[in-house]
Every structure is written in structure tokens, then in C-alpha cells.
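Step one of this worksheet: look at the structure below.
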Amino acid sequence: MIKRCAFTLLEMTVTVTILAVVVSLVAVNYREPVNRARLENFFEQIDLLDQQIRHWTKTNNIPARISVDLDRGIFAPEKENGSKIPLPEVKVPNGMKLKELRIMGENRFGSDTKISFTSQGIAPCWAYSIVHSGNREQYRFIVGATGQSVTITNEDELKRLERVYENE
């Protein structure tokens, strides 16, 4: 009887197939937490931009705005006359899409929309929706007077919040 010193082709094929299945399962399960972290990071960047522009308007006693380009997914701070403010722009992460911007209940689908801030740092309540991971949509609502924000997963909840804050 001859002793074997190597694996057969069948053993190698089974091993490689099992490894491929395990790797694909890990990759699929890894993608969702990464996308969730990217989305949370984006929400935090927008919240920070909102707070920074509120602080900038109060410090300089000049009204300002956030210009939102829905098509390119860019939030850019600027003065009322359109000149730039020394604050960073925020861009929607790759693989996600900015779908809608709402300012006190108005849907804004246009390419360029402005969220105005008074020289005291007050803005109207506003919200935006972003589509991510398998066409799931999430909303982020920002309270105009305080800048508090909340993540919402459905439009009914967003409409309820808009009704609560409509007189603000």
C-alpha cells in the first residue's frame, strides 16, 4: 500500500469551496456595520456643521445659511450674500444618496436649497432624508431654535415632529 503525502483534487476543491462560503458570509455581515457607522458619522458631521454655523452667526452677528445641493449631496456653509464661511463642507458618503430636504414641512427637491440662520443662530426646523443600504431611507430632523437632532426611520414620525414644531 502506498502512503499519500498530499491532498486529492476533491479534498482541495471541497476545502476551497467551504472557505469561499465562509469568506462571503463574513463580507456580507461586515458590510452592514460599516455602512451603519458611515451613516452615523455623516449625521454627526451635519449636526456639527449646524452647531458651527449657529456659533459663527452669533459670534459674528451676521446671518448665514447652509446651501444644500441635493444632486451632489453637499452641505456648504455660506453668508447670505453667497460668499464662503471658513467652515468645512459636508458630503454624503459614497453609496448613499441625499433624497429630500424639508424646511418646516416643505419638500425641497431642487438642486440648490438654502437653510437660513439668523444672526442669533436660529434657523427654521429642517430635515433631510438619505437613502442607504438596499434602498432604506432614514430621516434626520433638526430643531430650529436649539439645533437638537433626532434620527427617524419613517415619514409618519417626521410629519408628527413637524406638527409639534410648526409654530417654532
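Just so you know, all these numbers are worked out from the coordinates, no wet-lab data involved. Nothing here was measured: the structure is a model prediction, and the numbers come from that model. Cβ coordinates were reconstructed from backbone atoms using ideal geometry, including for glycine residues, and neighbour counts include every protein chain displayed.
Expressed in nm to one decimal, what extension gain is obtained for the pair residue 120 and residue 15 from 0.36 nm per residue of sequence separation less their Cα-Cα distance? Please list the in-between numbers first.
Numbers: separation 105, 0.36 × 105 = 37.80 nm, distance 6.61 nm.
Length gained between residue 120 and residue 15: 31.2 nm.
Of the chymotrypsin sites (Phe, Trp or Tyr not before Pro) in segment 1-65, which ones lie in a loop per DSSP and count no more than 16 other C-beta atoms within 10 Å?
Details: sites: 7, 30, 42, 43, 56; in loops: 7.
Here the chymotrypsin sites (Phe, Trp or Tyr not before Pro) that fit, given the DSSP loop and packing criteria, are 7.
Can you count the Lys pairs in segment 1-134 with C-alpha separation below 17 Å, eight or more apart or on different chains?
Details: 58/79; 58/84; 79/114; 84/114; 91/99; 91/114; 99/114.
Counting lysine pairs in segment 1-134 gives 7.
Please give the helix 9-60 orientation as an angle from the longest Cα principal axis of the chain, in degrees from 0 to 90, rounded to the nearest 10.
It works out to around 10 degrees.
What spacing in nm lies between the two simple spin-label points modelled at residue 7 and residue 99, each 7 Å away from Cα in the Cβ direction?
In this crude spin-label approximation the distance works out to 4.6 nm.
Over the residues of the chain, compute the C-alpha Rg and express it relative to 2.2 N^0.38 Å.
On the way: Rg = 23.6 Å, N = 168, 2.2 N^0.38 = 15.4 Å.
For the chain, the normalised Cα radius of gyration comes out at 1.53.
Measure nothing but the geometry: give the 0 to 90° angle between the long axis through the Cα atoms of 155-165 and the longest principal axis through the Cα atoms of the chain, rounded to 10°.
30 degrees
Could you give the alpha-carbon Rg of segment 63-161 over 2.2 N^0.38 Å, rounded to two decimals? Before the final figure, lay out each step's value.
Details: Rg = 13.3 Å, N = 99, 2.2 N^0.38 = 12.6 Å.
Its radius of gyration relative to the 2.2 N^0.38 Å reference: 1.06.
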